[in-house]
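Here is the structure we will look at, set down as structure tokens.
The values are calculated or read from the model by the stated rules, or taken from the named source; none is laboratory data. Treat the numbers as computed from the prediction; the structure is a model and nothing was measured. Note that each Cβ is placed from the backbone with ideal geometry, even for glycine, and that neighbours are counted across all protein chains shown.
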Amino acid sequence: MSVDTAKYLTVARDVTYSTADGVDLQMDIYHPSSDGPWPGVIWVHGGGWMGGDKAPLPETLAGQDYLVASINYRMYPAHRFPAMVEDVKAAIRYLRAHAAAHNLDADHIALVGHSAGGHLVALAGLADESVGWDVGPYLDQSSRVQAVVEMAGPTDLTRRFPDWADELLAGVFGPEQLVSGSPVTYVRRDSPRFMIVHGSEDDVVLVEQAHVLHAALVAAGVPVETIILQNAGHGFEPVGGVVLPSLEHTLGRIRVFLLEMANSSP
């Protein structure tokens, strides 16, 4: 694949990657400063499946040696699950279909997300085509990814959540989709490698959600690195003490994890 140097340090904004239910689904594509083809990272924002936006891009992902696509997706209450994960998978397929145009190494794509975004990246990374969430354009392309960074996301919707979240879960998923909407349901031996990051004092998505996914991945023989940030809340803010390991150290571990993905065999 030839490298289009004109794309260095440019951002392609509001790129429509799919249209569903009359909604144009858009992404911002951030190109690195040199070299290529680049491994890809798709950032999925949080917001309780009903808020948030693709901009601004988290500083964690800015200026790295990979192409980053930050996406919007359909949200509740206008749309219910599985619309959100269908959109994440559509974004993966779009990038593969347009790899040449963006100097993308289509064999090395990772998903990164926080909170509801963490739930969606885990789900999209674990559920294969047989689940039926690959709908829309570019169905000749695979939605499989090579790595997932899941941060503070729900992984088993059948477990305990704060009382205030019950109405939200009932609206987004309904009781009939709590199992099918849980990432742990789809863990298998050939799942992509995982990194899990969660705060020990998270009172929105309890830390047991990280332990449940970690245990399922280990049992299936899937490579997983889990970092529990002591004294950290849902947004990794300090709660009752100094956050350990530090956020700087944790961000460094995420960068190493993504670099290992980029250098791995497809």
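Filter region 107-149 down to the residues that are of a type in the set (Gly, Ala, Ser), out of contact with any strand residue (DSSP E or B) (no Cβ under 6 Å at 6 or more places or on another chain) and in a loop (DSSP other than H, G, I, E, B) and list them by number.
115, 127, 132, 142, 143
Hey, can you tell me all the residues within region 235-251 that are more than 16 Å from residue 196 (Cβ to Cβ) and assigned to a helix (DSSP H, G or I)?
248
When you check residue 246 against the structure, is it among the small types (Gly, Ala, Ser), surrounded by fewer than 18 Cβ atoms within 10 Å (Cβ to Cβ), free of Cβ contacts under 8 Å to residues at least 60 places away in the same chain and under 20 Å from residue 148 (Cα atoms), yes or no?
no
It is to be established whether one or more residues within region 67-76 are within 26 Å of residue 170 (Cα to Cα), touching a Lys or Arg at 6+ places or on another chain (Cβ under 6 Å) and at pLDDT 95 or above.
Yes, because at least one residue in region 67-76 is within 26 Å of residue 170 (Cα to Cα), touching a Lys or Arg at 6+ places or on another chain (Cβ under 6 Å) and at pLDDT 95 or above.
Would you confirm whether or not region 185-196 contains a residue that is at pLDDT below 95, of a type in the set (Lys, Arg) and part of a loop (DSSP other than H, G, I, E, B)?
Checked against the condition, which is being at pLDDT below 95, of a type in the set (Lys, Arg) and part of a loop (DSSP other than H, G, I, E, B), region 185-196 yields no hits at all.
For the condition of a type in the set (Gly, Ala, Ser) and under 18 Å from residue 172 (Cβ atoms), what is the one hit in 153, 136?
Residue meeting the stated conditions: 153.
Does region 93-105 include one or more residues that are among the aliphatic types (A, V, I, L, M), assigned to a strand (DSSP E or B), buried (at least 23 other Cβ atoms within 10 Å of the Cβ) and modelled with pLDDT under 95?
Yes, that holds for at least one residue.
Name every residue in region 167-184 that is in a loop (DSSP other than H, G, I, E, B) and over 17 Å from residue 129 (Cα atoms), in order of residue number.
Residues satisfying the conditions are 173, 174, 178, 179.
Taking the options 52, 46, name whichever one is in a loop (DSSP other than H, G, I, E, B), in contact (Cβ under 8 Å) with a residue 60 or more places away in the chain and surrounded by fewer than 22 Cβ atoms within 10 Å (Cβ to Cβ).
52
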